[in-house]
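Undergrad: Just passing along the structure, written as structure tokens.
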Amino acid sequence: MKYKAQIFLFIALAASLGVSLCAGNIDDYFLDILLNVGINVTLAVSLNLVNGHTGQFSLGHAGFMAVGAYGASIVTLQLGDHLLQIFGGGSIATALTFLIALLVGGGCAALSGWMVGMPSLRLKGDYLAIVTLGFNEIIRVVLTNTSGDGPFGGALGLKGIASYTNFFWVFGVAAVTIYVVSTMVNSTYGRGFLAVRDDEIAAEAMGVNTVRYKVIAFVLGAFFAGLAGGLYAHFRSTISPEGFNFLKSVDVVVMVILGGMGSTPGVIAAAILLTVLNEWLRDFEQYRMIVFALILIVMMIVRPQGLLPASLFQRKKKESA
Amino acid sequence: MSAKLELDNVTIQFGGLKAVGDLSFTINPGELIGLIGPNGAGKTTVFNLITGVYVPTAGRISFNGISLPGHKPHQITRIGISRTFQNIRLFPSLSVFDNVRSAFIMHLPHGIAHALVRGRAFHDEERELESDVLDLLDIFGLKDAQHTSCNALSYGDQRRLEIVRALATKPKLLLLDEPAAGMNPTEKEELMKLIRFIKGKFNIAIMLVEHDMKVVMGICERIVVLNYGEKIAEGTPQEVQKNPDVIAAYLGADHEVVGGAAA
């Protein structure tokens, strides 16, 4: 079907709006988990563009998420009232204000992605991983050391952020992320990402501007991580630098690896699975990490290509063709 | 499709080592030219200089009047020079079809926004491109294998696919780096036919680096011989075979020149 992708996006947006309107009937705890799932799907799918499709190992996704969370929160905390006034109050004004906040957060994250990406994408593999990890730590440490009275709130972070995040926003953003990543990759233009991952020298020799592809992947990945950060901030209504530490980045990387590098369906499945598992194991808090580690080790031995590897879907396409 | 490559006193130095020194030669439009020399003579370095992987320390390289040094490899591909590699460099996770398709990226009139909007123009463009890729695969007998992973192809087919992928960039000059390496005699025969066929069909200039003298002498119109980074001979296969410097480079200086066969 020709407009399959657009139809998917439309249905997903309509469905999230529909569910959102009757979200009052959903159990609070269950809704909480659902929103977490949605935010993690956005994070994992966007990181998959960088780590999976383009093959650039980034360990700094929580850093971009932090930039987005702080950017969006500062907009709503500092300018929220003004914006609501300008838009004239009501639910549409709230939605517009939140949209602006999210886009500012995403934009800041994209900008930081560009600033980190331009110099460091010349590095490969482990070196890039260390630079992005360093970026993650720099963001966290800088935020921790800001003044407690300033707009960044210092080590305690920001609180009293309006709870704008609801089902529609979380799953709308997740749907847009999935749409953008999969339509982009599944086009002739998008083969460039995979070519860069497979063999940079050959890609360059075939006329592919490898630097541009890597920067696009990095900036888009950061942008969606920023959106996820903004959603997270307006969901928890309080954020602190510690929430965006290295372990948060690792969580997302684990989702990508577990799901299958470069496989959007796999990564979505892994994001859902790990988020739910995380909740399920809440009573065994201290053993949770052991369970995660065990799952990873077993996976690496039994199924190193991930839960739903990309090759699975290529084969399907071949059969239907 | 005429384009002339000129190397004028090209030198590249890696620290104290002069890998290529004062090299000058010309590739005329539509010419099939061989670049030979003992191991380490600098043949692949010459390819890397032409394709922008290395920047020469001195000298000029120009293609159709455009000076190549300073251009990035992907820009040089766009200018019209495409290459294959000594050790096959396909995109291993992509299918045969997608390997060739990825070389069409540079011909795309529209970029990322088009792929995101997915309007009618995008679908038309993709369909047109698909038929271009299939036509090309068909010419080289790889159409039936279009969905297979390129790793599943035989060695000879992988070499062929790499050449097809290079042709997909629609070059005016094709550089082949040891296309016959690792091939058996039958495959070499087929390769020679293939190279002649490409030259006729696409009307492009081809330069090949090759160690197999049967292949080089069999198809090249002109041969440039390198030793220690310097050109020691240039001429038709017959001339080069009789050249005493070439025989010395391959067999050692003490050898008597008997019959002039350095193959």
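The values are calculated or read from the model by the stated rules, or taken from the named source; none is laboratory data. Source: prediction; values computed, not measured. For neighbour counting, all protein chains shown are included, and Cβ atoms are generated from backbone atoms with ideal geometry for every residue, glycine included.
Undergrad: Is it true that some residue in the stretch A:310-321 is away from every other protein chain (no Cβ under 14 Å), more than 26 Å from A:Val116 (Cα to Cα), touching a residue at least 24 places away in the same chain (Cβ under 8 Å) and aliphatic (A, V, I, L, M)?
TA: Looking only at the stretch A:310-321, we keep the residues that are away from every other protein chain (no Cβ under 14 Å), and these are none.
Checking the stretch A:310-321: not a single residue is away from every other protein chain (no Cβ under 14 Å), more than 26 Å from A:Val116 (Cα to Cα), touching a residue at least 24 places away in the same chain (Cβ under 8 Å) and aliphatic (A, V, I, L, M).
Undergrad: Now for a different question. Exactly one condition in (1) in contact with an Asp or Glu (Cβ under 8 Å, 6 or more places away or on another chain); (2) surrounded by fewer than 21 Cβ atoms within 10 Å (Cβ to Cβ); (3) facing chain A (nearest Cβ under 10 Å) is false for B:Arg60; which is it?
TA: So the condition that B:Arg60 fails would be (3).
Undergrad: Only residues in the stretch A:185-198 that are more than 7 Å from chain B (Cβ to nearest Cβ) count as the first member; pair them with residues that are among the aliphatic types (A, V, I, L, M), Cβ under 8 angstrom, at least 6 apart or cross-chain, and list the lot.
TA: That search, which allows pairs on different chains as well, returns A:Val185/A:Leu49; A:Val185/A:Leu194; A:Phe193/A:Leu49; A:Phe193/A:Met184; A:Phe193/A:Val185; A:Phe193/A:Ala217; A:Val196/A:Ala203; A:Val196/A:Val208.
Undergrad: Same structure again: What's the number of the only condition in (1) in the same structural domain as B:Phe140 (by TED's automatic domain parsing); (2) over 27 Å from B:Asp138 (Cα atoms); (3) among the polar types (S, T, N, Q) that B:Asn99 fails to meet?
TA: Condition not satisfied by B:Asn99: (2).
Undergrad: Please report, ordered by residue number, the helices (runs of 4 or more DSSP H) entirely within the stretch B:97-197 with at least 2 residues that are more than 10 Å from every other protein chain (Cβ to nearest Cβ) and either under 20 Å from the mean Cα position of the chain (by Cα) or at pLDDT 95 or above (or both).
TA: In the stretch B:97-197, B:120-139, B:155-168 are the helices (runs of 4 or more DSSP H) which contain 2 or more residues that are more than 10 Å from every other protein chain (Cβ to nearest Cβ) and either under 20 Å from the mean Cα position of the chain (by Cα) or at pLDDT 95 or above (or both).
Undergrad: Can you name the strands (runs of 3 or more DSSP E) wholly within the stretch B:1-59 that have at least 3 residues being assigned by TED's automatic domain parsing to the domain that holds B:Phe202 and β-branched (Val, Ile, Thr)?
TA: B:5-14, B:17-27
Undergrad: Ok, one more. Would you pick out the residues in the stretch A:183-205 that are of a type in the set (A, V, I, L, M, F, W, C) and over 19 Å from A:Lys124 (Cβ atoms)? Break it down stepwise before answering.
TA: Within the stretch A:183-205, the subset of a type in the set (A, V, I, L, M, F, W, C) is A:184-185, A:193-196, A:201-203, A:205.
Across the stretch A:183-205, the qualifying residues are A:Met184, A:Val185.
Undergrad: Can you tell me which condition B:Gln75 does not meet? The list is (1) polar (S, T, N, Q); (2) under 24 Å from B:Arg159 (Cβ atoms); (3) free of Cβ contacts under 8 Å to residues at least 60 places away in the same chain, and all the others hold.
TA: (2)
Undergrad: Right, another one. Among (1) within 14 Å of chain A (Cβ to nearest Cβ); (2) of a type outside the set (D, E, K, R); (3) buried (at least 21 other Cβ atoms within 10 Å of the Cβ), there is one condition B:Ile206 misses while meeting the rest; what is its number?
TA: If we test B:Ile206 against (1) within 14 Å of chain A (Cβ to nearest Cβ); (2) of a type outside the set (D, E, K, R); (3) buried (at least 21 other Cβ atoms within 10 Å of the Cβ), just (1) comes out false.
Undergrad: Would you confirm, using the coordinates I've provided, whether B:Val46 is surrounded by 20 or more Cβ atoms within 10 Å (Cβ to Cβ), over 21 Å from A:Val211 (Cβ atoms) and touching a helix residue (DSSP H, G or I) at 6+ places or on another chain (Cβ under 7 Å)? Talk me through it step by step, then tell me what you get.
TA: On the way: surrounded by 20 or more Cβ atoms within 10 Å (Cβ to Cβ): yes; over 21 Å from A:Val211 (Cβ atoms): yes; touching a helix residue (DSSP H, G or I) at 6+ places or on another chain (Cβ under 7 Å): no.
When the stated conditions are applied, B:Val46 does not pass them.
Undergrad: Would you pick out the residues in the stretch A:209-231 that are among the hydrophobic types (A, V, I, L, M, F, W, C), within 28 Å of B:Val53 (Cα to Cα) and crowded, with 24+ Cβ neighbours inside 10 Å?
TA: Start the filter on the stretch A:209-231 by keeping residues that are among the hydrophobic types (A, V, I, L, M, F, W, C), which leaves A:211, A:215-220, A:222-225, A:227-228, A:231.
Then drop every residue that is not within 28 Å of B:Val53 (Cα to Cα), which leaves A:211, A:215-219.
Once the filter is applied, which keeps residues that are among the hydrophobic types (A, V, I, L, M, F, W, C), within 28 Å of B:Val53 (Cα to Cα) and crowded, with 24+ Cβ neighbours inside 10 Å, the stretch A:209-231 yields A:Ala217, A:Phe218.
Undergrad: Among (1) more than 14 Å from every other protein chain (Cβ to nearest Cβ); (2) part of a strand (DSSP E or B), where does B:Ser82 come up short?
TA: Tallying (1) more than 14 Å from every other protein chain (Cβ to nearest Cβ); (2) part of a strand (DSSP E or B), B:Ser82 fails exactly one: (1).
Undergrad: Restricting to the stretch A:39-72, what's the tally of residues that are closer than 18 Å to A:Val176 by Cα and among the polar types (S, T, N, Q)?
TA: Residues in the stretch A:39-72 being closer than 18 Å to A:Val176 by Cα and among the polar types (S, T, N, Q): 4 in total.
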